[in-house]
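The values are calculated or read from the model by the stated rules, or taken from the named source; none is laboratory data. Note that the structure is a prediction, hence the values are computed from the model and not measured. All Cβ positions, even for glycine, are placed from backbone atoms using ideal geometry, and neighbour counts span all protein chains on display.
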Amino acid sequence: MRRELPRNFNIERARYAQKIIASKVIEDDELPKVIRKVTGVDIGYKDDIAIAAAVTVDSESLKEIESSTFMFKVRFPYIPTLLAFREVYPSWMALKKLKGNYDLVMVDGNGRLHPYRAGFACHLGVIINKPTIGVAKRLLCGKIGRWKGNIAPIYLDNSENIIGVAVKTLKRANPIYVSIGHKISLKTAIKFVLTYRRKKAKLPEPIRLAHEKANEVVKRLKANE
């Protein structure tokens, strides 16, 4: 089913909002002295229902501490480069439902790796004012540079401006694409993505678990049809 844009939504205003978000993103490490809890966020869909999942793990054991989900009826269509306007609200609500605090957020989506430098991870990071990392499975934009080991820079518009990196976490799998969301440097974001990942997993554990949690709800909804 094709969804129309909400009547009060305007593409030009959305682009202006992205410009404001982009200006507020902090690309330096403003982190707690010790990272103890890391939360992953992902969204699944069942028809017009978005299921946002947030899962917090212990930074050392990578074991789940708590999780939450939030279901929301989607009124906004899928538009490339405007995904945040569709997914930030349910993600924010899933985070609000967590009882405990968290030190770092990893989002299944892009941050600075975005044509307007204001992807989903940037929107969410600025809203919650927490260190946030974007981890995407597909390359939205940019050109991948030369590989050094398992990491390659991604440049926007053939410039020397690095907006993210491609990271090969498994030899036989496609890379994942890491970028700054908020309050973190790209170097530290890469380190955390590699640190908070189980040995044979492609994705960091918080995002992998959030993906599983969202899919569990999707499956239950389909089973109840």
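Within region 198-211, the set of residues being part of a loop (DSSP other than H, G, I, E, B) and either crowded, with 23+ Cβ neighbours inside 10 Å or among the polar types (S, T, N, Q) (or both) comprises 203, 204.
Looking at 163, 184, 190, 154, which one is within 21 Å of residue 30 (Cβ to Cβ) and part of a strand (DSSP E or B)? Exactly one residue qualifies, and that residue is 163.
Scanning region 166-194 for residues that are among the small types (Gly, Ala, Ser), surrounded by fewer than 23 Cβ atoms within 10 Å (Cβ to Cβ) and either at pLDDT below 95 or in contact with a strand residue (DSSP E or B) (Cβ under 8 Å, 6 or more places away or on another chain) (or both) turns up 166, 173. Condition check: among the charged types (D, E, K, R) and either surrounded by fewer than 18 Cβ atoms within 10 Å (Cβ to Cβ) or on the phi > 0 side of the Ramachandran plot (or both). Does residue 117 satisfy that? When the stated conditions are applied, residue 117 passes them.
Within region 118-146, residues that are closer than 16 Å to residue 183 by Cβ and of a type in the set (A, V, I, L, M) have Cβ atoms under 6 Å from residues that are surrounded by fewer than 17 Cβ atoms within 10 Å (Cβ to Cβ) and modelled with pLDDT of 95 or more in these pairs: 126/24, counting only partners at least 6 apart in sequence or on another chain.
Let's see how each residue does on (1) surrounded by 13 or more Cβ atoms within 10 Å (Cβ to Cβ); (2) in contact (Cβ under 8 Å) with a residue 40 or more places away in the chain; (3) farther than 23 Å from residue 135 by Cα:
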position	(1), (2), (3)
9	yes, yes, yes
12	no, no, yes
20	no, no, no
24	yes, yes, no
42	yes, yes, no
58	yes, no, no
63	no, no, no
74	yes, yes, no
84	yes, yes, no
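For residue 79, the criteria (1) surrounded by 24 or more Cβ atoms within 10 Å (Cβ to Cβ); (2) outside any helix (DSSP H, G or I) hold in every case but one, which is (1).
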